[in-house]
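Below is one structure, written out as structure tokens; comments come after it.
The values are calculated or read from the model by the stated rules, or taken from the named source; none is laboratory data. Predicted model, so just to flag it, every value in this text is computed and none were measured. Here Cβ is always computed from backbone atoms with ideal geometry, including for glycine, and neighbour counts include all displayed protein chains.
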Amino acid sequence: MKQPKPQPGILDIELYVGGKSTVQGVQDILKLSSNENPNGPPASAQKALAASAATLHRYPESDHSGLRSALADFHGLDVQKIICGCGSDELISFLCQAYSGPGVEVIHSSHGFLMYKLYAMAAGATIVPVPEAERYVDVDAMLAAITPRTGLIFLANPGNPTGTKISDADIARLIAGTPPDVLIVLDGAYADYIEDWDGGARFVKSHNNVVMLRTLSKMYGLGGLRVGWGYGPQHVIDVLNRVRGPFNLSAPALAAGEAAVRDHAFVISHRGQNNAARRWLTDELAALGVLSDPSEANFILARFADQAQAEACDDYLQSIGILVRRVGSYGLPHALRMTVPDMVGCARVVAGVKAFMEQAA
């Protein structure tokens, strides 16, 4: 029987599965599977969200001027070159829709964010995954993968799920070796956790083929509202605004997002808490024989002896209410990604992994 058919490549997409949040029969869940802020959103953002309830009958601003102005002020950017999306995921979708398609190749690192692959496939593009070097982006391998058909290069920095970061010198080398008609996307979803780093904005300012993506889901704790943003050359922003729906962000999301961005004290406080807890968790797990690379994000990638041990540890942690993330879909079956909780949560994770290792010995 005949029936409508989707575009080629769409049925090849494996459905994205979010981090687990419940375990049947288990109470007192510590969710560390989605890289969420354990402190929640700033009180200022919660207040702005509540205040927006009185105007829910009104359409939101289509130009996102308040949020864009807050971002421009905080980061020292040209407000006209900022675009906002329903999470940075939506902006990845726009980029693939506008700058890829059938016959176009999209490069990303082998352990890069899964949404690069999914949105590129939805656009009919060809995926070119590039191997990493010991879980760090390999710039030389990326440059070697460029062909006359390359249209987009996605670089998550720090990476997800690795947490590793390459230097600005390496980014500059990637840009220098990339043809000017290939668009490079610097995905800085976790850049807020690195003090005195601009996430790559300096490269956007000096190049015509570089875009930076950021999100309010991680540091600012607004994952439930889906607020992301991008900064790019004017010609790219103009293109993306042509495929963006006029009301892609709700009024509550815009209000909470603007309040959060203007709450500088929250960022300073949470970054300090996260980075201190991350160092402690990393060192304590290493003492148990569970190593991880230096992470610059709000999670660590804990490596086990093999896939069987990693999955057995995950099963044990689930049984005591600790939910982490298996990352076999990223080509890392022997590892578990763990969001950094508060210090009480960190102690609970270490105790759980220690108990597992002792019973498995």
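Filtered by the rule that a residue be touching a Phe, Trp or Tyr at 6+ places or on another chain (Cβ under 9 Å), surrounded by 15 or more Cβ atoms within 10 Å (Cβ to Cβ) and not aliphatic (A, V, I, L, M), region 331-361 gives His334, Arg337, Thr339, Cys346, Gly352, Phe356.
Okay, residues lined up against (1) in the same structural domain as Gly159 (by TED's automatic domain parsing); (2) acidic (Asp, Glu):
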position: Ala255; (1), (2): yes, no
position: Asn274; (1), (2): no, no
position: Arg278; (1), (2): no, no
position: Leu288; (1), (2): no, no
position: Ala302; (1), (2): no, no
position: Ala305; (1), (2): no, no
position: Glu311; (1), (2): no, yes
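Could you list, in sequence order, the residues of region 130-183 that are under 20 Å from Val236 (Cα atoms) and without any contact (Cβ under 8 Å) to a residue 24 or more places away in the chain? Passing the criteria: only Ala176. The combined condition, being in contact with a Lys or Arg (Cβ under 9 Å, 6 or more places away or on another chain), modelled with pLDDT of 95 or more and either part of a loop (DSSP other than H, G, I, E, B) or within 23 Å of Glu14 (Cβ to Cβ) (or both), is not fulfilled by Thr178. Go through (1) closer than 22 Å to Lys20 by Cα; (2) surrounded by 18 or more Cβ atoms within 10 Å (Cβ to Cβ); (3) not hydroxyl-bearing (Ser, Thr, Tyr) one by one and return the number of the condition Gly328 breaks. Of (1) closer than 22 Å to Lys20 by Cα; (2) surrounded by 18 or more Cβ atoms within 10 Å (Cβ to Cβ); (3) not hydroxyl-bearing (Ser, Thr, Tyr), only one is false for Gly328: (2).
Conditions tested, residue by residue: (1) surrounded by fewer than 20 Cβ atoms within 10 Å (Cβ to Cβ); (2) among the hydrophobic types (A, V, I, L, M, F, W, C); (3) not in a loop (DSSP other than H, G, I, E, B).
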{"site": "Pro129", "(1), (2), (3)": "yes, no, yes"}
{"site": "Met142", "(1), (2), (3)": "no, yes, yes"}
{"site": "Pro148", "(1), (2), (3)": "yes, no, no"}
{"site": "Gly151", "(1), (2), (3)": "no, no, yes"}
{"site": "Phe154", "(1), (2), (3)": "no, yes, yes"}
{"site": "Asn160", "(1), (2), (3)": "no, no, no"}
{"site": "Gly163", "(1), (2), (3)": "no, no, no"}
{"site": "Ala169", "(1), (2), (3)": "yes, yes, yes"}
{"site": "Ala172", "(1), (2), (3)": "yes, yes, yes"}
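Restricting to region 54-86, what's the tally of residues that are in a helix (DSSP H, G or I) and either within 20 Å of Arg262 (Cβ to Cβ) or among the polar types (S, T, N, Q) (or both)? Residues in region 54-86 being in a helix (DSSP H, G or I) and either within 20 Å of Arg262 (Cβ to Cβ) or among the polar types (S, T, N, Q) (or both): 15 in total. Scanning region 1-39 for residues that are farther than 21 Å from Val340 by Cα and basic (Lys, Arg), we see that the one that is surrounded by the fewest Cβ atoms within 10 Å (Cβ to Cβ) is Lys2.
Quick check on my filter: what residues within region 31-48 are outside any helix (DSSP H, G or I) and more than 16 Å from the chain's Cα centre (by Cα)?
The first filter runs over region 31-48 and keeps only residues outside any helix (DSSP H, G or I), leaving 31-42.
Answer for region 31-48, where residues must be outside any helix (DSSP H, G or I) and more than 16 Å from the chain's Cα centre (by Cα): Lys31, Pro38, Asn39, Gly40, Pro41, Pro42.
No other residue among Arg214, Arg202 is of a type in the set (D, E, K, R), in a strand (DSSP E or B) and closer than 17 Å to Val79 by Cα apart from Arg214.
Restricting to region 18-29, name every residue that is under 27 Å from Lys117 (Cβ atoms) and free of Cβ contacts under 8 Å to residues at least 24 places away in the same chain.
We begin by selecting, within region 18-29, every residue under 27 Å from Lys117 (Cβ atoms); these are 18-21.
The answer is Gly18, and nothing else.
Of the residues making up region 235-256, those that are part of a helix (DSSP H, G or I), among the hydrophobic types (A, V, I, L, M, F, W, C) and more than 19 Å from Val211 (Cβ to Cβ) are Ala251, Ala253, Leu254, Ala255, Ala256.
Close contacts from region 230-253, counting a first residue that is in the same structural domain as Ala53 (by TED's automatic domain parsing) and a second that is among the acidic types (Asp, Glu) and surrounded by fewer than 18 Cβ atoms within 10 Å (Cβ to Cβ), with Cβ to Cβ under 6 Å and a gap of 6+ residues or different chains, come to none at all. Looking only at residues in region 174-203 that are under 23 Å from Val267 (Cβ atoms) and in contact with a Leu (Cβ under 8 Å, 6 or more places away or on another chain), the one that is surrounded by the most Cβ atoms within 10 Å (Cβ to Cβ) is Asp187. Which numbered condition trips up Phe94, out of (1) assigned to a loop (DSSP other than H, G, I, E, B); (2) on the phi < 0 side of the Ramachandran plot? Every listed condition holds for Phe94 apart from (1).
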